[in-house]
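*Asks:* Encoded as structure tokens, here's the structure I'll be asking about.
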Amino acid sequence: MKQDFSDFHASIAAHDDQAINPSRNAPLQDVIDRRRRGLLKGGLGLAGIAFLGGAMAGARAAAGPARLIGFQGIPAQLDPQFDRVEVAPGYSARVFFSWGDPVLADAPQWQADASDDWQAQLKQAGDNHDGMHFFPFPDAPDSHGLLVINHEYVNPTLHTDGMRLEEGRRPLEQVRKEQAAHGLSVIEVRKDARGQWQRVLPSRYNRRLSALTEMAISGPLAGHPSMKTVADPDGRTVLGTLNNCSSGFTPWGTYLICEENWHNYFVNHDPQDLAARVSHQRYGIAGSGLSKLYGWETADPRFDATPRADQPHGGYVNEPHRFGWVVEVDPFAPDSVPVKRTAFGRYCRECSVLSLGEDGRMAFYSGDDTKGEYVYKFVPSGRFAAGADADNRRLLDEGTLYVARFDADGGGEWLALVHG
């Protein structure tokens, strides 16, 4: 059986539209809708309409909306077959960094028929770019730096003949290539004499992380029994990062990967265990058939989280616990080991946005991107101090995670998630 592009994305869309939160709390959208209706009934809506009406009349008198925002807009594209980049008049767009582009110096040239093997993909740009951040070099902050780009998931177009399932199993070569196309790329970029950004190749900074890259576990869960597997009895080292969506950065110049819909990659075939194991059931890990995205567990046993009594630590029953974290990466140290910071808390994190106070206090804001979930902030116990990078890097291993409670009147409260 082969899965094509349209079927694959239809299955993702259907799955993402399912809420797995068992709470009876009102969803945030309901709170917002009630608040909006209350404002309209209270007369603020009329005032807003009057204000917007005056502004719109003024805009028309000023010869059209183009002068309001500085460029002429383009019409909304509703055609599902629309497949080109369209920009406003006076602007241009060019392809800069695409799936398969070389990242490492010895990367082979990408093959247009997608016949590259997984070893080649480990050295090339991954699939589906998402979160990114630019880290400038201090001597040329406007023209030279490192661009870090997430590769969130992969498409059937990764393979010459689509994603295959042969007698209930995925081919190992396909699974390895899909794992290699996840993760992120670090690429050095510089402006040329014409002011155009160009990639710097080769570069000692260029790097690829994937679902096969060794990463360290730090913070309160490093070495915890819930992080140990048959392949990692110490519970301190994990292979790879998955489903990297939006991102974040720190004031000491590191990048924060956010692992989003990691639960779609695992399966637990034991229905009684799945129902009783909150860490699997609450997140919606698949309980029958294949995992919800790729069926990797048919070729790579660490994605089969069914408990195994005949293996130490239950086999890979704890492997899902090792994803859903913030992963810190130093883009300027290409040989450094990425670190999963477990103090941040674990969920399907969309981003990690920093708020830095003048006194060095920090808060990192995130949302769980699963339908019907929550908004969080992580507050490190210590404070940032400029220049003290060695001390700053330890700040993400201790702190308090808060969840937002929104009230019907538009207010709310940050609730500390503290054991006991």
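The values are calculated or read from the model by the stated rules, or taken from the named source; none is laboratory data. The shown structure was predicted, so the numbers you read here are calculated from the model rather than taken from an experiment. Note that each Cβ is placed from the backbone with ideal geometry, even for glycine, and that neighbours are counted across all protein chains shown. When the accessible area is computed, the model is the full protein with side chains, heavy atoms only, and any ligands, DNA or RNA have been set aside. Shrake-Rupley method; radii C 1.70, N 1.55, O 1.52, S 1.80 Å.
*Asks:* Would you pick out the residues in the range 366-387 that are under 18 Å from Asn261 (Cα atoms) and either open to solvent by 40 Å² or more (accessible area, probe 1.4 Å) or not charged (D, E, K, R) (or both)?
*Replies:* Ser366, Gly367, Asp369, Thr370, Lys371, Gly372, Tyr374, Val375, Tyr376
*Asks:* Right, next: Across the range 388-415, what is the number of residues that are open to solvent by 80 Å² or more (accessible area, probe 1.4 Å), at pLDDT 95 or above and not in a strand (DSSP E or B)?
*Replies:* Here the count works out to 1.
*Asks:* Considering only helices (runs of 4 or more DSSP H) fully contained in the range 37-132, which possess at least 1 residues that are out of contact with any Gly (no Cβ under 6 Å at 6 or more places or on another chain) and modelled with pLDDT of 90 or more?
*Replies:* The helices (runs of 4 or more DSSP H) meeting that bar are 118-121.
*Asks:* Among residues belonging to the range 326-340 that are open to solvent by 10 Å² or more (accessible area, probe 1.4 Å) and assigned to a loop (DSSP other than H, G, I, E, B), point out the one that is nearest to Tyr402 (Cα to Cα).
*Replies:* Top of the filtered list is Asp330.
*Asks:* Within the range 349-361, can you find the residues that are open to solvent by less than 10 Å² (accessible area, probe 1.4 Å) and in contact (Cβ under 8 Å) with a residue 60 or more places away in the chain?
*Replies:* Listed by number, the residues that qualify are Arg349, Ser352.
*Asks:* Give me the pairs, please: first residue somewhere in the range 69-81 and of a type in the set (Gly, Ala, Ser), second residue anywhere and at pLDDT 85 or above and part of a loop (DSSP other than H, G, I, E, B), beta-carbon distance under 6 Å, and either six or more positions apart or on two chains.
*Replies:* Sorted first by the residue in the range 69-81, then by its partner, the list stays empty.
For every residue, the table says whether it meets (1) closer than 27 Å to Pro251 by Cβ; (2) surrounded by 19 or more Cβ atoms within 10 Å (Cβ to Cβ); (3) more than 19 Å from the chain's Cα centre (by Cα).
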residue: Asp127; (1), (2), (3): no, yes, no
residue: Gly131; (1), (2), (3): yes, yes, no
residue: Ala140; (1), (2), (3): yes, no, yes
residue: Val148; (1), (2), (3): yes, yes, no
residue: His159; (1), (2), (3): no, yes, yes
residue: Met163; (1), (2), (3): no, yes, yes
residue: Glu167; (1), (2), (3): no, no, yes
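*Asks:* Return the total of residues in the range 238-293 being in a strand (DSSP E or B) and over 20 Å from the mean Cα position of the chain (by Cα).
*Replies:* Number of matching residues: 2.
*Asks:* Any residue that is over 24 Å from Tyr376 (Cβ atoms) and either touching a Leu at 6+ places or on another chain (Cβ under 6 Å) or open to solvent by 10 Å² or more (accessible area, probe 1.4 Å) (or both) - is there at least one of those in the range 341-348?
*Replies:* Looking for residues that are over 24 Å from Tyr376 (Cβ atoms) and either touching a Leu at 6+ places or on another chain (Cβ under 6 Å) or open to solvent by 10 Å² or more (accessible area, probe 1.4 Å) (or both), one finds none in the range 341-348, hence no.
Conditions tested, residue by residue: (1) of a type in the set (D, E, K, R); (2) free of Cβ contacts under 8 Å to residues at least 12 places away in the same chain; (3) touching a Cys at 6+ places or on another chain (Cβ under 8 Å).
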residue	(1), (2), (3)
Gly126	no, no, no
His151	no, no, no
His159	no, no, no
Arg164	yes, no, no
Gly168	no, no, no
Leu172	no, no, no
Ala181	no, no, no
Gly195	no, yes, no
Gln198	no, yes, no
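*Asks:* Which pairs do you get when a residue that is without any contact (Cβ under 8 Å) to a residue 60 or more places away in the chain and more than 29 Å from Val175 (Cβ to Cβ), found in the range 200-213, comes within reach of a residue that is of a type in the set (A, V, I, L, M) and buried (at least 17 other Cβ atoms within 10 Å of the Cβ), reach meaning Cβ atoms under 7 angstrom, with the pair 6+ apart or on two chains?
*Replies:* Val200/Val189
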